[in-house]
1. If I go through segment 12-22 residue by residue, how many of them are open to solvent by 100 Å² or more (accessible area, probe 1.4 Å) and among the acidic types (Asp, Glu)?
2. Could you list, in sequence order, the residues of segment 23-67 that are within 10 Å of the chain's Cα centre (by Cα) and open to solvent by 80 Å² or more (accessible area, probe 1.4 Å)?
3. Among the residues of segment 12-41, what is the count of those that are assigned to a loop (DSSP other than H, G, I, E, B), without any contact (Cβ under 8 Å) to a residue 24 or more places away in the chain and out of contact with any Phe, Trp or Tyr (no Cβ under 6 Å at 6 or more places or on another chain)?
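The values are calculated or read from the model by the stated rules, or taken from the named source; none is laboratory data. Keep in mind it's a predicted model, so treat the numbers as computed, not measured. Every residue, glycine as well, gets a Cβ built from its backbone with ideal geometry; the counts of neighbours run over all protein chains shown. Only protein heavy atoms, including side chains, enter the accessible area calculation; ligands, DNA and RNA are left aside. Shrake-Rupley method; radii C 1.70, N 1.55, O 1.52, S 1.80 Å.
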Amino acid sequence: MTPESLPTARRPLAKPREIAEYCGVPLATVYAWSSRGGGPRLIKVGRHLRARWDDVEKWLDAQTIAA
């Protein structure tokens, strides 16, 4: 089997409430990220906001600061 023919495991997209809980911020902060920029990359699916969990993780990794 080639890597292209292997099935990919897909996780459900993250909802704003899940992102807020995971990041420990208010839900309004996630919506502010959407309207003002910042935060993980968000996807508009119809009228709903979603994010790939990998994008949330990458964004969090980029937020690491040196102590």
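1. Matching residues across segment 12-22 total 1.
2. Within segment 23-67, 41, 52, 54, 58 qualify.
3. The total comes to 7.
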